[in-house]
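Colleague: This is the structure, below, for whatever I ask next.
The values are calculated or read from the model by the stated rules, or taken from the named source; none is laboratory data. Keep in mind the model is a prediction, meaning the values are calculated, not measured. Neighbour counts run over all protein chains shown; Cβ positions are idealised from the backbone, glycine included.
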Amino acid sequence: SIPKLLKGKGLIIGVPAAFSPSCSESHIPGYINYKNLKDAGDVFVVSVNDPFVMKAWAHDLDADKKSGIRFLADPDCKFTKALDLDFDATPILGNHRSKRYALVIEDGKVKEAHVEPDNTGMSVSVVDKVLG
């Protein structure tokens, strides 16, 4: 489980959909290319997708794995719902999805929550606002 993995500092980034334009072209690449990302501790990207999609997306965005980011699947939305960070995206994406967010973690506890007010925008969860 993620809490067991997060000893010390960490970051959990939630996205509405792997391979979506804003997630793939801007949001996650911003973190991948952030020069001081290692200072954030263990970094995870979570999406309500299956593990095969997340593996392919990770390879597409960070094939050499230099960023150290781990891409995790939440296929049943259980993790996302437990955090109360889901929204009904049925009309567009077919089911409940994750809001776009970034959680700054310290010793397994959320120290900062950067949750997009409109669920999918990119105003508060981008790397410059979270780690900047």
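Colleague: In the stretch 76-100, how many are more than 14 Å from the chain's Cα centre (by Cα) and assigned to a loop (DSSP other than H, G, I, E, B)?
Modeller: Within the stretch 76-100, residues that are more than 14 Å from the chain's Cα centre (by Cα) and assigned to a loop (DSSP other than H, G, I, E, B) number 5.
Colleague: While we're on this one: Looking only at the stretch 112-129, decide whether some residue is in contact with a strand residue (DSSP E or B) (Cβ under 9 Å, 6 or more places away or on another chain), of a type in the set (D, E, K, R), under 17 Å from residue 28 (Cα atoms) and surrounded by fewer than 15 Cβ atoms within 10 Å (Cβ to Cβ).
Modeller: Yes, because at least one residue in the stretch 112-129 is in contact with a strand residue (DSSP E or B) (Cβ under 9 Å, 6 or more places away or on another chain), of a type in the set (D, E, K, R), under 17 Å from residue 28 (Cα atoms) and surrounded by fewer than 15 Cβ atoms within 10 Å (Cβ to Cβ).
Colleague: Does the stretch 76-94 hold any residues that are modelled with pLDDT of 95 or more, surrounded by fewer than 16 Cβ atoms within 10 Å (Cβ to Cβ) and either in contact with a helix residue (DSSP H, G or I) (Cβ under 7 Å, 6 or more places away or on another chain) or aliphatic (A, V, I, L, M) (or both), and which are they?
Modeller: The one that is modelled with pLDDT of 95 or more, surrounded by fewer than 16 Cβ atoms within 10 Å (Cβ to Cβ) and either in contact with a helix residue (DSSP H, G or I) (Cβ under 7 Å, 6 or more places away or on another chain) or aliphatic (A, V, I, L, M) (or both): 82.
Colleague: Moving on to the next point. Considering only the stretch 95-107, I want to know if a residue exists there that is of a type outside the set (A, V, I, L, M, F, W, C), surrounded by fewer than 18 Cβ atoms within 10 Å (Cβ to Cβ) and without any contact (Cβ under 8 Å) to a residue 12 or more places away in the chain.
Modeller: So in the stretch 95-107, the residues of a type outside the set (A, V, I, L, M, F, W, C) come out as 95-101, 106-107.
Imposing the further condition that a residue be surrounded by fewer than 18 Cβ atoms within 10 Å (Cβ to Cβ) reduces the set to 95-96, 106-107.
Then keep just the ones that are without any contact (Cβ under 8 Å) to a residue 12 or more places away in the chain; that gives none.
For the stretch 95-107, residues of a type outside the set (A, V, I, L, M, F, W, C), surrounded by fewer than 18 Cβ atoms within 10 Å (Cβ to Cβ) and without any contact (Cβ under 8 Å) to a residue 12 or more places away in the chain: absent.
Colleague: Hey, which of the helices (runs of 4 or more DSSP H) in the stretch 1-72, taking only ones fully inside, have at least 1 residues that are touching a residue at least 60 places away in the same chain (Cβ under 8 Å) and more than 14 Å from the chain's Cα centre (by Cα)?
Modeller: Helices (runs of 4 or more DSSP H) meeting the threshold: 2-5.
Colleague: Considering (1) over 13 Å from residue 11 (Cα atoms); (2) surrounded by 18 or more Cβ atoms within 10 Å (Cβ to Cβ), say which one residue 28 fails and leave the rest.
Modeller: (1)
Colleague: Sticking with this structure for a sec: Count, please, the residues in the stretch 108-132 that happen to be assigned to a loop (DSSP other than H, G, I, E, B) and either among the aromatic types (Phe, Trp, Tyr) or in contact (Cβ under 8 Å) with a residue 40 or more places away in the chain (or both). Show your work before the answer.
Modeller: Taking the stretch 108-132 as the starting set, the residues that turn out to be assigned to a loop (DSSP other than H, G, I, E, B) are 108, 116-126, 131-132.
Next, only the ones that are either among the aromatic types (Phe, Trp, Tyr) or in contact (Cβ under 8 Å) with a residue 40 or more places away in the chain (or both) stay: 108, 119-120, 122, 125-126, 131.
The total comes to 7.
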